[in-house]
1. Filter the helices (runs of 4 or more DSSP H) completely within segment 168-257 down to those with at least 3 residues that are of a type in the set (Ser, Thr, Tyr).
2. Report yes if some residue within segment 62-84 is small (Gly, Ala, Ser), assigned by TED's automatic domain parsing to the domain that holds ALA117, surrounded by fewer than 16 Cβ atoms within 10 Å (Cβ to Cβ) and part of a loop (DSSP other than H, G, I, E, B); otherwise report no.
3. Look through GLY28, GLY33 and report the one residue that is in contact with a Lys or Arg (Cβ under 9 Å, 6 or more places away or on another chain), at pLDDT 95 or above and surrounded by 17 or more Cβ atoms within 10 Å (Cβ to Cβ).
4. Which condition number in (1) in contact (Cβ under 8 Å) with a residue 12 or more places away in the chain; (2) over 26 Å from ILE32 (Cβ atoms) is the one that LEU69 fails?
5. Which one of these is surrounded by fewer than 21 Cβ atoms within 10 Å (Cβ to Cβ) and over 19 Å from GLY133 (Cβ atoms): GLY47, GLY15, GLY51?
6. Just one of THR102, THR96 is at pLDDT 95 or above, assigned to a strand (DSSP E or B) and surrounded by 17 or more Cβ atoms within 10 Å (Cβ to Cβ); which is it?
7. Which residue is surrounded by the most Cβ atoms within 10 Å (Cβ to Cβ), if the candidates are limited to segment 226-257 and must be among the basic types (Lys, Arg) and touching a strand residue (DSSP E or B) at 6+ places or on another chain (Cβ under 9 Å)?
8. In this structure, is TYR177 farther than 24 Å from SER248 by Cα and of a type in the set (Phe, Trp, Tyr)?
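The values are calculated or read from the model by the stated rules, or taken from the named source; none is laboratory data. None of these values were measured; they are calculated from a predicted model. So basically every Cβ, Gly included, is an ideal-geometry build from the backbone, and we count neighbours across all protein chains shown.
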Amino acid sequence: MISNLAYVNPKAKIGANVTIEPFAFIEGDVEIGDGTWIGPSSTIYDGARIGKNCRIFNHASLAAMPQDLKFLGEKTTLEIGDNTIIREFTSLHKGTKSAGKTIIGSNCLLMTYVHVAHDCVLGNNVIMGGYSGIAGEVKLNDWVILGGSTMVHQFVSIGAHVIVGGGSKVRIDVPPYIKADREPLSFMGINTIGLDRRGFSQEKIHEIHEIYRAYYNMGMNTTQAIQYIEQTFGQTTERDLILEFIKSSERGVIKGR
């Protein structure tokens with residue numbers, strides 16, 4: 001159902017069973033998947049690619065021009081997966097020539113007044129609390145949770161299954177499976193509750209805990225800690241993900257308490 005009080009450019013590709021409420025504004029180079037609901041007074045600009053069964057609440061702004069001086073009007077996109085919820089007054093910008101697109105995965109929840117800047121990549125099942133914002137070219141891996149009013153610096157990467165406390169300033173990378181809080185942002189232990197809810201065994205959680213105990217609490221520098229972990233712990237998906245994240249970090253990872 002498309003309200004006769006909404007503006008929908010006839011070139012826009014609208015899927016089956018899409019609802020568009022009054023005063024929504026949708027430009028022409030837009031694709032909206034089946035079953036998605038577009039709330040009143042929301043704005044969807046050229047370049048938006050929205051998946052199935054999403055919910056876009058009132059006054060959200062999708063695929064607006066990036067707030068980046070290197071953007072010169074090139075054709076870029078904002079791509080959103082299925083079943084993602086975008087709440088009131090959220091602003092999501094499309095990409096620049098740097099990556100060409102901003103990506104938001106499936107089953108995400110972006111709460112009120114969230115901002116996602118150009119060329120960011122959000123995995124699946126990401127939650128961003130109200131008033132949180134991420135600068136350009138930030139990566140949030142699967143299952144990341146940002147507490148309300150969290151600010152993330154440009155180019156930062158946050159690993160899978162991380163939970164960041166509300167009001168945090170994230171200036172450098174945060175490795176996977178952990179809790180991070182305080183100022184400056186610090187390692188606060190393993191995200192035990194989150195991992196348990198997602199089906200990680202107690203043995204696997206213990207393995208992750210012991211890896212981080214070696215990295216943060218045994219008095220070694222980064223090179224020594226990586227060598228120790230490689231020699232001491234058998235090769236597993238979780239061990240390898242932690243090591244690869246730390247090795248590939250260009251900004252460095254957060255410290256212990």
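1. Working: elements: 192-197, 202-217, 222-232, 237-248.
Counting at least 3 such residues, we get 202-217, 222-232.
2. Checked segment 62-84: at least one residue is small (Gly, Ala, Ser), assigned by TED's automatic domain parsing to the domain that holds ALA117, surrounded by fewer than 16 Cβ atoms within 10 Å (Cβ to Cβ) and part of a loop (DSSP other than H, G, I, E, B).
3. Sole residue among the options that is in contact with a Lys or Arg (Cβ under 9 Å, 6 or more places away or on another chain), at pLDDT 95 or above and surrounded by 17 or more Cβ atoms within 10 Å (Cβ to Cβ): GLY33.
4. (1)
5. Testing whether each residue is surrounded by fewer than 21 Cβ atoms within 10 Å (Cβ to Cβ) and over 19 Å from GLY133 (Cβ atoms) leaves just GLY15.
6. Working: THR96 fails: assigned to a strand (DSSP E or B).
Result: THR102 is the single residue among THR102, THR96 that is at pLDDT 95 or above, assigned to a strand (DSSP E or B) and surrounded by 17 or more Cβ atoms within 10 Å (Cβ to Cβ).
7. ARG251
8. no
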